[in-house]
1. Which of (1) within 30 Å of HIS335 (Cα to Cα); (2) crowded, with 20+ Cβ neighbours inside 10 Å does ILE83 not meet, given it meets every other one?
2. Going through segment 108-124 one residue at a time, which ones are of a type in the set (Asp, Glu) and either more than 18 Å from ILE77 (Cβ to Cβ) or modelled with pLDDT of 95 or more (or both)?
3. Of the residues ALA105, ALA156, only one is out of contact with any His (no Cβ under 6 Å at 6 or more places or on another chain), modelled with pLDDT under 95, part of a loop (DSSP other than H, G, I, E, B) and among the aliphatic types (A, V, I, L, M); which?
4. Identify the residue in segment 44-69 that is polar (S, T, N, Q) and open to solvent by 20 Å² or more (accessible area, probe 1.4 Å) and, among all such residues, is farthest from VAL95 (Cα to Cα).
5. Filter segment 29-43 down to the residues that are assigned to a loop (DSSP other than H, G, I, E, B) and without any contact (Cβ under 8 Å) to a residue 60 or more places away in the chain, then identify the one that is most open to solvent (accessible area, probe 1.4 Å).
6. Just to confirm my filter: which strands (runs of 3 or more DSSP E) fall fully inside segment 216-310 and include at least 3 residues that are within 24 Å of the chain's Cα centre (by Cα) and in contact (Cβ under 8 Å) with a residue 12 or more places away in the chain?
7. Every residue in segment 223-252 that is touching a Lys or Arg at 6+ places or on another chain (Cβ under 7 Å) and more than 25 Å from ALA277 (Cα to Cα), please.
8. Give all pairs with beta carbons closer than 8 Å in which a residue from segment 47-58 that is polar (S, T, N, Q) meets a residue that is part of a loop (DSSP other than H, G, I, E, B); count only pairs at least 6 apart in sequence or on separate chains.
Amino acid sequence: MSNNISISKRLEERVKELSCLYEVSSAIRKHSNSVLDTLEEICKITQQAWLYPDQAIVLLELENYKVATAALPKSYIHQSSIISPFNESRGAIKVLYNTGNLKNAHFLEEEQKLLNKVAIEITEFFERREIEEKKELLQRSAERNDRLSILGEITAGIAHELNTPLGNILGFAELIKSNSLEEQTQKDSDKIIKAAIYSREIVKKLMFFACEMPQHRESTLLKPLIEQALSLLAPNFRKAGITYSLCIDNEQLKAQIDTIQFTQVLFNILINAIYIAPEKSEIFITIRSDKDHFTMEIKDEGAGIPEALRSKIFEPFFTTKPIGEGSGLGLSVVHGIIKSHRGEIITFDNKPKGTVFQIKLPLKM
């Protein structure tokens, strides 16, 4: 710090600092969709408020963002201020001078105070963004749950209405087959029986989605159950040229679940992951737990789910697969089973690519 600055020069610096704060606030207020553009503008504004603006370099590092007004020199002095949204340190803004170019480089005490205020402005900017994002996410989740609730009621009604006629079709087809010796009648009866059984499976999946299937929950070791499912799917992994890994924080972890339905959840998600994942990629299954819940994540390295489709993937009959390759009921069944176990399921992007399905379930019901 230097005390050899005239009063007029100090007043000039104060005016620059006040202008800096005003311009930083203005840049944040006019923020559009690009956070990076806003941060770059803030750095340029900040640079002009320092005693030697032509020599000052502003560096801002915050989460995944890194902005610098110039390349960083090998030797420098700097001052910095922490950026901490919700009292969590996530980055900092720094002002640097290249000591190779500016031998008498120094900072004013007022400049540190200004930098602290700029950091506060950025902190509040990120806090507001996160609050808005959470509100939007909650609103979308509420809308989705409303849609799924309505679909669940409709689906349950359809499933119950179809059960009786399908049972009659299956029963009479088996009766015709057993009472006829004609080869063609036998073949036709077989086709009717197969079609009726397939339709009944669809109804069963609809009832899973609507949480209408009876459950038998028992305390079960999770690791052997998951390993058994992975073993059964081993040919699918080999055929697709994909590997997998399982990581569980407690190998003796038990949860009160319906083992058949939980296996159905694993199969449906893993089969989708295998379908979408590129050859030579890996699918990661991780489980962590606390005293009340366990969380399972299944991560693939596929193309990911477009944001526009994310809210629809658990709806029955929605599929992105070609006609004939999927009924669109797999993930709706998963949603129904997780809901009936008083759990929750969400999806988000895997980094750097792919999708994560995250399931949280209580250890005891």
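The values are calculated or read from the model by the stated rules, or taken from the named source; none is laboratory data. Keep in mind that what you see is a predicted model, and the values were worked out from it rather than measured. Ideal geometry is used to build each Cβ from the backbone, glycine not excepted, and the neighbour counts take in all protein chains shown. Surface accessibility is based on the protein's heavy atoms, side chains included, excluding ligands, DNA and RNA. Shrake-Rupley method; radii C 1.70, N 1.55, O 1.52, S 1.80 Å.
1. (1)
2. If the condition is that a residue be of a type in the set (Asp, Glu) and either more than 18 Å from ILE77 (Cβ to Cβ) or modelled with pLDDT of 95 or more (or both), then GLU121, GLU124 are the ones that fit.
3. ALA105
4. ASN64
5. Among them, the one singled out is ASN33.
6. Ranges flagged: 243-248, 282-289, 293-299.
7. Result: ASP249, GLU251.
8. GLN47/PRO53; GLN47/THR69; GLN55/ASN101; GLN55/LEU102; GLN55/ALA105
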